[in-house]
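For reference, the structure discussed in these notes is given below.
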Amino acid sequence: MKNIMQSSENRSILPVVALLFFSFVFALPPCVSLASPDIPDQNQPENNQISQPPSKSWYENIESQWGGQLKIRGSVSWLDDDSIYYLIDSGPLYDGSADFRLKNKTYLNNWIYSTIHYEAVLYGGDTMHTKKKLEELFPNLFEDSLMLGGGINDDRRFFDLTKIIDEDDSHILYHRLDRFSLTFQPDWGTIRIGRQALTWGNGLVFNPMDLFNPFSPTDIERDYKVGDDMLTTQFTIEKIGGIQLLYVPRRNPADHNVKWSNSSLAGKFHFATGTTEFDIMAAHHYEDFITGIGSSGYFMDAAWRLDATWTFLNEDTDRNGFLSLVANIDYSWVWWKKNFYGFMEFYFNGIGNENYSEAISDSAITERLTRGDLFVLRKKYLSTGIQIELHPLFNTYLTVISNLADPSGILQPRVVWDLTEEIQCTLGGNIYYGSSETEFGGFNIPGTNYSYKVLDNAYLWLTYFF
């Protein structure tokens with residue numbers, strides 16, 4: 001236990017020491033000796049050149065940019081009588097949170113800059129209390145990640161930059177560094193090391209090519225992806241295309257050691273032919289080898305995208321691998337002097353299982369649910385969305401995600417109102433529909449008389465930008 005505690009402390013201290021070291025070393029400009037304009041230098045050859053003014057000290061060249069936001073959220077959720085949540089509370093469930101993010105970008109010189117995002121989060125309410133009580137009654141449901149949700153932790157990340165300040169059964173207060181990186185920009189490309197976010201792929205709702213901490217399909221709040229500790233590099237091959245490489249070292253949560261079987265190494269080649277762009281990807285991700293190809297282009301005034309990946313499974317003897325595919329199209333137009341935007345997307349999940357009891361017992365599925373690589377249980381989904389700009393400061397949205405086999409799905413209506421230049425209000429909800437024994441309508445939890453269904457909810461957010 002002592003060694004584990006020391007390891008955790010070292011993981012917290014190391015990035016701070018590393019950033020200070022790199023900030024000092026690489027911010028130093030080359031030493032240049034310049035003559036004073038007032039006193040001639042006797043060693044200089046006699047000529048008519050005008051001497052240059054003295055250079056600034058390295059710390060005088062540093063420039064910092066600050067910003068951030070404060071987001072206050074409130075929500076209410078409703079329960080069905082046969083829901084497992086009903087064992088603890090008959091509802092409705094009231095929840096709230098406050099999220100403060102402070103951002104800094106510091107330019108150390110003309111080719112090196114650092115990025116730091118500090119985040120402090122207070123979250124609590126009836127849902128957290130209910131889940132804590134259910135965890136005591138049914139611990140296996142949480143181990144298998146059937147009951148999704150919970151706070152962010154750094155158990156798998158290389159650095160432990162998250163600290164819980166206070167926690168009980170109904171609330172948690174924690175703070176963390178969500179971005180903590182150095183970026184080098186030599187003439188040939190870009191190198192970034194540290195906690196950062198990276199997105200690959202062309203999916204609008206589902207994104208199988210985005211292997212590294214992707215958004216959930218139901219996330220409408222996509223301001224910031226959760227950062228991961230990684231090393232990335234990008235460079236351009238003239239007249240051919242660009243290459244991106246990355247390495248994500250991860251720890252095994254059981255022993256806190258970095259292991260190849262928990263880490264990711266990947267590369268992506270991007271090139272274009274005319275107005276059509278292509279991506280070719282290969283990755284080692286946890287214990288899998290994954291290949292992928294993507295493309296995007298235009299059909300008349302609409303934009304289309306297509307991504308497909310093949311995952312070679314090592315842990316499953318019955319399946320050698322599976323296909324994941326997403327195809328979408330979007331288009332914007334004007335009706336009645338209002339701006340409209342719409343999209344449609346098809347997603348195929350090759351590892352999906354039509355039997356939900358088998359799906360939540362399938363280790364290949366539950367493992368990917370736990371680490372955030374997978375979000376659904378069946379194979380075929382269709383998503384549609386529309387945005388109407390009723391006023392430049394007032395927009396309405398509706399997103400629908402449908403399981404084509406059940407059928408069942410999610411309705412996500414919302415409005416976004418920019419009250420001022422600094423304050424934005426978001427009002428919306430998540431409505432899950434479908435009959436019994438469907439994915440979004442609710443299905444029986446094996447070994448119990450209760451069903452699992454994500455709760456219908458309504459929410460109100462206020463965001464202050466600074």
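The values are calculated or read from the model by the stated rules, or taken from the named source; none is laboratory data. These figures come from a predicted structure and were not determined experimentally. Cβ: placed from backbone, ideal geometry, glycine included. Neighbour counts: every protein chain shown.
Taking the criterion of being hydrophobic (A, V, I, L, M, F, W, C) and either under 22 Å from the mean Cα position of the chain (by Cα) or over 20 Å from GLY342 (Cα atoms) (or both), the residues of segment 412-426 that qualify are VAL416, LEU419, ILE423, CYS425.
Given the condition part of a loop (DSSP other than H, G, I, E, B), surrounded by fewer than 18 Cβ atoms within 10 Å (Cβ to Cβ) and either of a type in the set (S, T, N, Q) or within 11 Å of the chain's Cα centre (by Cα) (or both), answer yes or no: does some residue in segment 230-246 qualify?
Step one: of segment 230-246, the residues part of a loop (DSSP other than H, G, I, E, B) are 238-240.
Checking which are surrounded by fewer than 18 Cβ atoms within 10 Å (Cβ to Cβ) leaves us with 238-240.
From what is left, the residues that are either of a type in the set (S, T, N, Q) or within 11 Å of the chain's Cα centre (by Cα) (or both) are none.
Checked against the condition, which is being part of a loop (DSSP other than H, G, I, E, B), surrounded by fewer than 18 Cβ atoms within 10 Å (Cβ to Cβ) and either of a type in the set (S, T, N, Q) or within 11 Å of the chain's Cα centre (by Cα) (or both), segment 230-246 yields no hits at all.
For (1) without any contact (Cβ under 8 Å) to a residue 60 or more places away in the chain; (2) surrounded by 18 or more Cβ atoms within 10 Å (Cβ to Cβ); (3) part of a strand (DSSP E or B), each residue gets a yes or a no:
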{"position": "GLY74", "(1), (2), (3)": "no, no, yes"}
{"position": "ASP81", "(1), (2), (3)": "yes, no, no"}
{"position": "TYR86", "(1), (2), (3)": "no, no, no"}
{"position": "LYS103", "(1), (2), (3)": "no, yes, yes"}
{"position": "SER114", "(1), (2), (3)": "no, yes, yes"}
{"position": "MET128", "(1), (2), (3)": "yes, yes, no"}
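I'd like the residue in segment 88-101 that is assigned to a strand (DSSP E or B) and touching a helix residue (DSSP H, G or I) at 6+ places or on another chain (Cβ under 8 Å) and, out of all such residues, is surrounded by the fewest Cβ atoms within 10 Å (Cβ to Cβ). Only one residue fits best here, namely TYR94. Of the listed requirements (1) farther than 18 Å from LYS380 by Cα; (2) not in a strand (DSSP E or B), PHE206 misses just one: (1).
Scoring GLU135 on the criteria (1) touching a helix residue (DSSP H, G or I) at 6+ places or on another chain (Cβ under 6 Å); (2) at pLDDT below 90; (3) surrounded by 19 or more Cβ atoms within 10 Å (Cβ to Cβ) leaves a single failure, condition (3).
Take ASP307 and tell me if it is of a type outside the set (A, V, I, L, M) and under 19 Å from PHE375 (Cβ atoms). Working first, answer last.
On the way: of a type outside the set (A, V, I, L, M): yes; under 19 Å from PHE375 (Cβ atoms): yes.
Yes, satisfied.
Of the residues making up segment 271-301, those that are in contact (Cβ under 8 Å) with a residue 60 or more places away in the chain and not polar (S, T, N, Q) number 8.
Considering only segment 402-445, state which residues are in a strand (DSSP E or B) and of a type in the set (D, E, K, R). Spell out how you get there, then give the answer.
Taking segment 402-445 as the starting set, the residues that turn out to be in a strand (DSSP E or B) are 402-403, 408-418, 423-434, 438, 442-444.
Matches in segment 402-445: ARG414, ASP418.
Among all residues of segment 403-414, there is none that is free of Cβ contacts under 8 Å to residues at least 60 places away in the same chain, more than 18 Å from VAL454 (Cβ to Cβ) and in contact with a Gly (Cβ under 7 Å, 6 or more places away or on another chain).
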